[in-house]
Amino acid sequence: MPLFTDLSYRKIAVKVLPAFRDLVAKNAKVEILADGFEWSEGPLWVESEQMLLFSDIPNNAIFKWTEKGGKEIYLKPAGYTGETPRGGELGSNGLLLDKTGQLVLCQHGDRRIARMEAPINKPEPKFTTLAGEYQGKKFDSPNDAVLHPNGDIYFTDPPYGLEKYIDDSTKAAPYQGVYRVGTNGKVDLLVDSINRPNGIGLMPDGKTLIVANSESEKAVWYAFDLGSGDSLTNAHIFFDASNYAKTTPGGPDGFKIDKAGNMYATGPGGIWFFNKDAKPLGRIKLPVASSNCALSADEKTLYITADMYLLRVKLR
């Protein structure tokens, strides 16, 4: 698998290979847009406001970045609204816009999928729960989510936001789930066999769901076909990076899929590029663990959250 050459942190020279020529410019480089975060996650490009939103999970905050203003606090609290002090990863994680343009958050601390009840350009910590439990059992810590064209939200629920992780006394379900919440509020459990479901995405036709497993010993992206009634069928491995994870820090986490079905995925060593047929095209090597990425509306810019940094790559 061809790798990009890591020359320095602020500028990573890219040797463009034939398979990348439609995705990455020859002079592409990685830029640091902002730093100083505890753990940046969940980037979301908001075209109407020309801003990037992203979570800083331990700080229970969402930041925004714009070309004019740089980094600014956007919303706090973002993931935990309780009054009892608590530790752990309590903030928001994945972010998305619903079909009406309202902000939807994966809230670790409040253990729910929630919608912000305020305009996107006038944020307030006022939330409505879209999904908080399944069959009377509270979620662990909803991590990442994707919007189906029909308005349904698919999301993952690993234990990372629980204070004592997998051994937390408040953990309600004996498994880690992948769920769907419909526009009618009904919650369905789709998968309970992935130990650490994390990043999640849909192919452009809405017929294939991809789920990342963030276990280092089983660093795998899984694929599922959406059958009748949106049931999942034909479970199979999209790509197995377990051998890379044995010697390279990081694992499958958040990812994005462009309009052509190419996937830009955080994984061992940096950002992995796959085509729609799961063929690995290359990787941007990063010296710190990356957590997620987002594409601009024109798909010419890739934003990356990585440890304490917000990064940008102008692809073309």
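If a residue has to be in contact with a strand residue (DSSP E or B) (Cβ under 6 Å, 6 or more places away or on another chain) and either modelled with pLDDT of 95 or more or assigned to a strand (DSSP E or B) (or both) to count, how many in the range 289-316 make the cut?
The number of residues fulfilling the criteria is 19.
Quickly run through the range 269-309 and pick out the residues that are under 21 Å from Glu89 (Cβ atoms) and in contact with a Phe, Trp or Tyr (Cβ under 6 Å, 6 or more places away or on another chain).
Those that are under 21 Å from Glu89 (Cβ atoms) and in contact with a Phe, Trp or Tyr (Cβ under 6 Å, 6 or more places away or on another chain): Cys293, Ala294, Thr305, Met308.
Search the range 137-159 for residues being of a type in the set (Gly, Ala, Ser) and touching a Leu at 6+ places or on another chain (Cβ under 8 Å), and hand back the single one that is farthest from Met203 (Cα to Cα).
So the residue we want is Ser141.
Taking the stated definitions as given, is Ser296 within 17 Å of the chain's Cα centre (by Cα), under 23 Å from Gly42 (Cα atoms) and either surrounded by fewer than 19 Cβ atoms within 10 Å (Cβ to Cβ) or charged (D, E, K, R) (or both)?
yes
Given the criteria in contact with a strand residue (DSSP E or B) (Cβ under 9 Å, 6 or more places away or on another chain), surrounded by fewer than 22 Cβ atoms within 10 Å (Cβ to Cβ), among the β-branched types (Val, Ile, Thr) and closer than 17 Å to Ser214 by Cα, does Thr266 qualify? If you could, list the steps in order and put the result at the bottom.
Numbers: in contact with a strand residue (DSSP E or B) (Cβ under 9 Å, 6 or more places away or on another chain): yes; surrounded by fewer than 22 Cβ atoms within 10 Å (Cβ to Cβ): no; among the β-branched types (Val, Ile, Thr): yes; closer than 17 Å to Ser214 by Cα: yes.
When the stated conditions are applied, Thr266 does not pass them.
One line per residue, one yes/no per condition, for (1) modelled with pLDDT of 95 or more; (2) among the aromatic types (Phe, Trp, Tyr); (3) over 26 Å from Asp277 (Cβ atoms):
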{"position": "Leu162", "(1), (2), (3)": "yes, no, yes"}
{"position": "Leu202", "(1), (2), (3)": "yes, no, no"}
{"position": "Asp205", "(1), (2), (3)": "no, no, no"}
{"position": "Ala219", "(1), (2), (3)": "yes, no, no"}
{"position": "Ala235", "(1), (2), (3)": "yes, no, no"}
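With the checklist (1) surrounded by 16 or more Cβ atoms within 10 Å (Cβ to Cβ); (2) at negative phi in hand, flag the one item Ala260 doesn't pass.
It fails just one condition, (1).
The values are calculated or read from the model by the stated rules, or taken from the named source; none is laboratory data. Just so we're clear, the structure is a prediction, and the values are computed from it rather than from any experiment. Cβ sites come from the backbone with ideal geometry, for glycine too, and all protein chains shown count toward neighbours.
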